[in-house]
Amino acid sequence: MGKLIVIPVLVIRWPWLFERTKLMTNQLKKRQIKADLALLFVAFSWGLTFVVVQDALSGIGPYYFVALRFLLALVFLAAVYRRHLLNINWGTLKTGFFIGLFLFGGYAFQTVGLKYTGPATAGFITGLAVVLVPLFTALACRRLPGVFVIIGVLFATFGLALLTLQGSSFKLGLGDLLIFFCAICFGLHIIMVGRYAGKHDPVLLATIQIGTVSIISFMFALRLETIPGHFTTPVWTAFIITAIPATSLAFLIQNSVQRYTSPTHTAIIFTMEPVFAAITAHILGREMLTLVQAAGCILILAGMLLAELRGESQEANNFSADIMQSSATK
């Protein structure tokens, strides 16, 4: 008799489940469109910073630059959202500091690496973070990446070799290696924000991360660098461009809207960052890509899009299957 009761219940539940899923999908799509546009602005602001940061590093050490850049961003957020600071708690403080460690690693490696490589090259290598995101996620979930992710990684790796080709042989320079470590840190940062952003106040989470980067950068700067007696025009220009739009606003937006999408989808949007970096470097006449390097850029972008877009589709199918299986067992 138990089986005769279960069957009609499932028949009644399926239409209700589909209608509810359709309604939720439409609502999430509207939120995701707004989130995509906001994240696209973040990628645009980051892409513009490569050239101006490289110019600034001729007049200030990399750690002092990062420390002061994030300090200015911290002051801005604290002044605008000072009431939020009253609601800070130990859990948010620990989480923000933990995520901030990955953020510091990303910016420290990137800023130092820009002293040894060009802005367009740095932009594309930084973009490898969006390929690393599904790989790290697969390791965390103990699930092997799909075939398209593997192919995408191979494309991006070969593209990286072409992009950094020097002379007649493949040679990875110091700056390229530092920027790759930066990509690893940024990939982990995207994953961590996706995991914790929905559990804490995004304003507090962004503020604590920015403060963490500033404090640790000052610690390195005091031991390794000498602060300049005065700041040159390129340094002030870089502070103006990077401190508020590319730091305080960018990370506030990311921590606010990433809860409406997945880390993988966020990574898709961030593939535009190296594109913006290359376009900026080309327009300003700071870096001309050879045909071999251009081919490498195309392969990197193809690898990133292949891994992310196909990986996104596979994740969606797995998610739908999980919902069906979960509902059927209730």
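The values are calculated or read from the model by the stated rules, or taken from the named source; none is laboratory data. Just so you know, these numbers come straight off a predicted model, no measurement behind them. A quick note on method: Cβ atoms are made from the backbone with ideal geometry, for glycine too, and the neighbour counts reach across all protein chains shown. In case anyone asks, the SASA skips ligands and DNA or RNA and just uses the protein heavy atoms, side chains included. Shrake-Rupley method; radii C 1.70, N 1.55, O 1.52, S 1.80 Å.
Restricting region 10-50 to residues that are at pLDDT 70 or above and among the polar types (S, T, N, Q), the residue that is surrounded by the fewest Cβ atoms within 10 Å (Cβ to Cβ) is 32.
On inspection, residue 77 fails the criterion of being surrounded by fewer than 21 Cβ atoms within 10 Å (Cβ to Cβ), assigned to a helix (DSSP H, G or I) and aliphatic (A, V, I, L, M).
Scanning region 125-151 for residues that are over 13 Å from the mean Cα position of the chain (by Cα) and either of a type in the set (Phe, Trp, Tyr) or not in a helix (DSSP H, G or I) (or both) returns 136, 142, 143, 144, 145, 146, 148.
This table checks each residue for (1) without any contact (Cβ under 8 Å) to a residue 40 or more places away in the chain; (2) outside any helix (DSSP H, G or I); (3) closer than 21 Å to residue 45 by Cα.
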| residue | (1), (2), (3) |
| --- | --- |
| 175 | no, no, no |
| 210 | no, no, yes |
| 222 | yes, no, no |
| 250 | no, no, yes |
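Within region 224-248, the residues that satisfy the criterion of being β-branched (Val, Ile, Thr) and in contact (Cβ under 8 Å) with a residue 24 or more places away in the chain are 226, 227, 232, 235, 237, 241, 242, 244, 247. Within region 240-257, if we keep just the residues that are of a type in the set (A, V, I, L, M, F, W, C) and open to solvent by 10 Å² or more (accessible area, probe 1.4 Å), the residue that is farthest from residue 64 (Cα to Cα) turns out to be 257.
Here the condition is being at pLDDT 80 or above and open to solvent by 70 Å² or more (accessible area, probe 1.4 Å); of 230, 282, it holds for 230 alone.
Given 237, 280, 266, 242, which one is among the polar types (S, T, N, Q), in a helix (DSSP H, G or I) and farther than 23 Å from residue 104 by Cα?
Values: 237 fails: farther than 23 Å from residue 104 by Cα; 266 fails: farther than 23 Å from residue 104 by Cα; 242 fails: farther than 23 Å from residue 104 by Cα.
Being among the polar types (S, T, N, Q), in a helix (DSSP H, G or I) and farther than 23 Å from residue 104 by Cα holds for just one of 237, 280, 266, 242, which is 280.
Checked against the criterion of being outside any helix (DSSP H, G or I), open to solvent by 40 Å² or more (accessible area, probe 1.4 Å), modelled with pLDDT under 85 and out of contact with any Lys or Arg (no Cβ under 9 Å at 6 or more places or on another chain), the candidates 288, 324 yield just one match: 288.
In region 106-124, which residues are aromatic (Phe, Trp, Tyr) and either open to solvent by less than 10 Å² (accessible area, probe 1.4 Å) or assigned to a helix (DSSP H, G or I) (or both)?
Within region 106-124, 107, 109, 124 meet the criteria.
Evaluating residue 103 against the criteria (1) out of contact with any His (no Cβ under 6 Å at 6 or more places or on another chain); (2) modelled with pLDDT of 80 or more; (3) open to solvent by less than 50 Å² (accessible area, probe 1.4 Å) leaves one unmet condition, (1).
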